[in-house]
1. With respect to the numbered conditions (1) modelled with pLDDT of 90 or more; (2) under 30 Å from residue 188 (Cα atoms), which one is the sole condition not fulfilled by residue 86?
2. Quick one: residue 39 ticks every box in (1) surrounded by 14 or more Cβ atoms within 10 Å (Cβ to Cβ); (2) closer than 26 Å to residue 170 by Cα; (3) at pLDDT below 85 except a single one, so which number is it?
3. Quick one: is residue 150 over 25 Å from residue 72 (Cα atoms) and not assigned by TED's automatic domain parsing to the domain that holds residue 77?
4. With 134, 177 as the choices, which residue is closer than 28 Å to residue 70 by Cα and surrounded by 12 or more Cβ atoms within 10 Å (Cβ to Cβ)?
5. Quick one: how many residues across segment 158-168 are over 11 Å from the mean Cα position of the chain (by Cα) and surrounded by fewer than 18 Cβ atoms within 10 Å (Cβ to Cβ)?
6. Name the residue, out of 78, 18, that is modelled with pLDDT of 75 or more, assigned to a helix (DSSP H, G or I) and crowded, with 16+ Cβ neighbours inside 10 Å.
7. Would you call residue 100 under 17 Å from the mean Cα position of the chain (by Cα) and surrounded by 14 or more Cβ atoms within 10 Å (Cβ to Cβ)?
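The values are calculated or read from the model by the stated rules, or taken from the named source; none is laboratory data. Just so it is clear, the model here is predicted, and its values are computed rather than measured. Reconstructed Cβ throughout: ideal geometry from the backbone, glycine too, with neighbour counts over all protein chains shown.
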Amino acid sequence: MSISSSTHLTTAGPSLQAFEEAAAQQSDIYLDGNRLVVLDQGQLPSGRRVEWVQTNNDASQAFLDALQRNYGAGLSQAVASELNLSPAPGQALSSRTVQAALHMLDVAQQALSGVDFFTQLQLSATAHTENFNQACRAVDIAPEQLDDQQRQQIDLAMDKHFQTASINGHSPVSPQQAATWLQAILQHINR
């Protein structure tokens, strides 16, 4: 199967969606230029399995690049290591490997977002947490002087930091890093 729609291609190579769709075909995946090609497979009368491919491109490297663009370096490298996934020019990329990698990354991302949610909750301005109060005192702000609108703005600013960290593969965020963000936000609010 050839995937040539411009919605599946980026200047950096095939999109993660293109790999996911190709893997759903239950065949090996080869890269032909900027297109993913799932080639036909067959069996010789002797029982030997054969594949038809004419490429020297590296589907594994293109897949690793797509993972890194979507999940960040840390998670992508961990999954690649776990699956022994490395560049393999001219060789097929197993659809099972693609599916396993995507599953592992989804599970890892869910787990990491849970850790970040807990960290974010501990520093919530609107929840009036003790950790938030400590951050206020660290920058000489009396927490009780902050109104509800300011607290909501603080939580929204923190949420943006957590989202950026997640997008850039820097999840989970350490409580110390989150406290540093909070203190910086607190120093810039209008009192």
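1. Result: residue 86 passes all but (2).
2. Residue 39 satisfies every listed condition except (2).
3. Values: over 25 Å from residue 72 (Cα atoms): yes; not assigned by TED's automatic domain parsing to the domain that holds residue 77: yes.
Yes: the conditions hold for residue 150.
4. Details: 134 fails: closer than 28 Å to residue 70 by Cα.
Exactly one of 134, 177 is closer than 28 Å to residue 70 by Cα and surrounded by 12 or more Cβ atoms within 10 Å (Cβ to Cβ), namely 177.
5. Initial filter on segment 158-168 (over 11 Å from the mean Cα position of the chain (by Cα)): 158-164.
Now narrow it down to the ones that are surrounded by fewer than 18 Cβ atoms within 10 Å (Cβ to Cβ): 159-160, 163-164.
Residues that pass the stated criteria total 4.
6. Details: 78 fails: crowded, with 16+ Cβ neighbours inside 10 Å.
Step by step, each of 78, 18 is checked, and only 18 is modelled with pLDDT of 75 or more, assigned to a helix (DSSP H, G or I) and crowded, with 16+ Cβ neighbours inside 10 Å.
7. On the way: under 17 Å from the mean Cα position of the chain (by Cα): yes; surrounded by 14 or more Cβ atoms within 10 Å (Cβ to Cβ): yes.
Here the answer is yes, as residue 100 does meet what is asked.
Table: residues versus (1) touching a helix residue (DSSP H, G or I) at 6+ places or on another chain (Cβ under 7 Å); (2) under 25 Å from residue 182 (Cβ atoms); (3) modelled with pLDDT of 90 or more.
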site: 56; (1), (2), (3): no, no, no
site: 72; (1), (2), (3): no, yes, no
site: 97; (1), (2), (3): no, no, yes
site: 115; (1), (2), (3): no, yes, no
site: 119; (1), (2), (3): yes, yes, yes
site: 124; (1), (2), (3): yes, yes, yes
site: 130; (1), (2), (3): no, yes, yes
